[in-house]
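Values quoted throughout were computed directly from the atomic coordinates according to the rules given, and no laboratory measurement underlies them. Note that the structure is a prediction, hence the values are computed from the model and not measured. Cβ placement follows ideal geometry from the backbone for every residue including glycine, while neighbour counts extend to all protein chains displayed.
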Amino acid sequence: MVGRPLKSSAAAVAASCLILSPHLDVQAAVTLNTHALAGNTAPGTEPGLVFSSFGLPVLDNAGNTAFIGRLAGPGLNGSSDRGIWSGHQAGSVSLVARRGDPAPGTEPGVVFSSLHTPTLNGPGQISFRGHLIGPGVNLSRNKGVWVGTPSSLAPVARANDPAPGTEPGVEFDIFSFSSTDNTLLNDNGQAAFWSQLVGPGVDTSNRRGLWTHASGSTELIVRGGDPVPGADPGVVFTSPTRNNFVINNTGQVVFSTGLTGPGVGLSNSSSIWSKSVGSTLQLVARDGDPAPGAGPGMVYGRGPFPSIESVIGPFINDAGQIAFRKSVIPAGSSGSGDNGIWLGAAGSMQLLALVGNDAPGTEPGVTYQDLTSDPVLNGAGQVVFSGRLIGPGIDATNDRGIWLGTDSSLDLFARNGDPAPLGPGFTFLGLGEPMINDAGQVAFIGGLAGPGVNTTNDFALWATDPDGTLQLVARENDVIDVNDDPLVDDLRTILTIQLADASGTQDGRGTPFNNAGQLALHLGFTDGSQGIFIATVPEPGSLVMTVVGATLALRRRG
């Protein structure tokens, strides 16, 4: 399918005319492909059923998406009104699983009663958690984890199955509390999942753990109550946190967990650990330990850290590099302290940024006031994160930035007040959490200021092309054609732009930004409809030549 350039609203067309005039550089055209649209037929369902809404999509490196879809139409009820779909474009998106459908690998008559957010790896394998109903299913047997290709799924773990690495009679119980928790899946099809336990000897101290599964074999990584390597006798893990673990393509797992036992208090009870295949657990960071690069007497403290469930980190790549955000405090003190960002491996972490330190690329005396996002790490060892500034000349028009770099070099990538590539007078005003792919392309949602900007059109999604040139992907109040037929227009005005959480592409989480420079978007429109789309940031030299007739050229699909 050939994509088409985004059509612009009147204000954006005017800006595009300025950008694309013969006197300025010609910009490459971002293409947008429809994968699913509210009101359209939902593939794999009964006649008359259509999509009504969607969850946030992820995608693989071939441009296939995976997403939760909700249905509308005759005969629907709470047992059949949503499912998971995956595919390359509208017309080839296929139903993977649906409420009320038979659950692969279970007893006859057992069906899915609910489905949770899917994860899609680079080669296109999918994983998700589901709830069950049917013969023999009760509250202790009604959850599981499925992995495979969209057309060939198998359960890798199910409630009441024996839990590998535990005592006889101990079984999986609840795989998660939250509907937003994912099962992770690396590019080799190895899954990582969190679960609670039930059985003899299980209590609040040891009822939660983290497992991996590959090639029919499930391995316990860590469980609450396990002894902590290298710690004093009696110090044990409390529980791995259910959202804050990652797995790279070599099978290395990094996770955050609490600690308890003799000598453990609020100042040293949170930690990050790593486990490679065939190795023992290695400590990466712990509250109260010296914080590398932060200065004499400074230690890791509580604050933005993966033990807090709302934080997504840590991040990892296939080289075993680990990145995380954490606070630092003077040894012996308490409190949250100042944020820092570290990159490295267990035993060799290096400080990249710290509140109070000079912010690269800014004026003398300007420092980080806060680090506002986790450091997203790609396969090339590049880290991208956002922060807030303080110092001489800093105000609300220039106080936020995005930084990009490695363990040896860090540069300012974008900043409030920088020119936004929409034409004269447009600047950034508010920069969201950035993401990065293995090609080093960066994407972020940012606010705007400038001619004609108001609350209806002041946010946009941006991404760099493979040459590093920043491109507009989509903007509030842009008018786009959602119909794939080159002869039929269906023009809708963008109201909201949403993406799934950032991933570095090698941490098993699934990503909305793949290594081909494609972004999986959830767009809402002013008419109340919504859809799933793939935006492709073009290769250099893919140009749209427009002059006076810019409006016509921008309306024309390829």
Selected from Ala192, Ile497, Val284, residue furthest toward positive end of dipole (the chain; charges at beta carbon): Ala192
Which of Ser271, Ser52, Gly440, positive extreme of dipole for the chain (C-beta unit charges): Ser52
Among [x] 24.4, 77; [y] 32.5, 121; [z] 25.8, 94, the entry matching Rg and Dmax of the Cα atoms in Å as calculated here is [x]
So the compactness index of segment 111-223, its C-alpha Rg divided by 2.2 N^0.38 Å, takes the value 1.02
Through the Karplus equation 6.51 cos²θ - 1.76 cosθ + 1.60, θ set to phi - 60°, convert the phi angles of segment 363-380 into ³J(HN,Hα) values in whole Hz; use x for Gly and Pro. 6, x, x, 8, 10, 6, 8, 7, 10, 9, 9, 5, x, 7, 10, 9, x, 8
Least to most buried among Arg158, Arg400, by other C-beta atoms within 10 Å and fewest first, runs Arg158, Arg400
Taking the Cα centre of the chain as origin and charging only Cβ (+1 Lys, Arg; -1 Asp, Glu), how large is the dipole, in debye to the nearest 20? 780 debye
Placing +1 on each Lys and Arg Cβ and -1 on each Asp and Glu Cβ in the chain, then taking the dipole about the Cα centre, the residue among Gln252, Ser217, Pro451 whose Cα reaches farthest towards the positive end is Ser217
With 10 angstrom as the radius, rank Ser114, Ser373 by how many other C-beta atoms surround their C-beta, starting from the fewest. Ser114, Ser373
Could you order the peptides 500-509, 86-95 from most to least packed, using the average number of other C-beta atoms within 10 Å per residue? 500-509, 86-95
What is the distance, in nm, between label points placed 7 Å from the Cα along the Cα-to-Cβ direction at Asn454 and at Ser408? 5.2 nm
Segment 111-223, relative contact order [Cα under 8 Å, separation at least 6], %: 21 percent
Multiplying the sequence separation of Leu487 and Gln350 by 0.36 nm and subtracting their Cα-Cα distance, what value in nm do you get? 43.8 nm
Taking the Cα centre as origin and putting +1 on Lys and Arg beta-carbons and -1 on Asp and Glu beta-carbons, what dipole magnitude results for segment 111-223, to the nearest 20 debye? 180 debye
Could you work out how far apart the two model spin labels at Asn188 and Gln498 are, taking each label as a point 7 Å from the Cα in the direction of the beta carbon, and quote it in nm? 3.5 nm
Over all directions, the average projected area of the alpha-carbon convex hull for segment 238-301 comes to how many nm²? 5.4 nm²
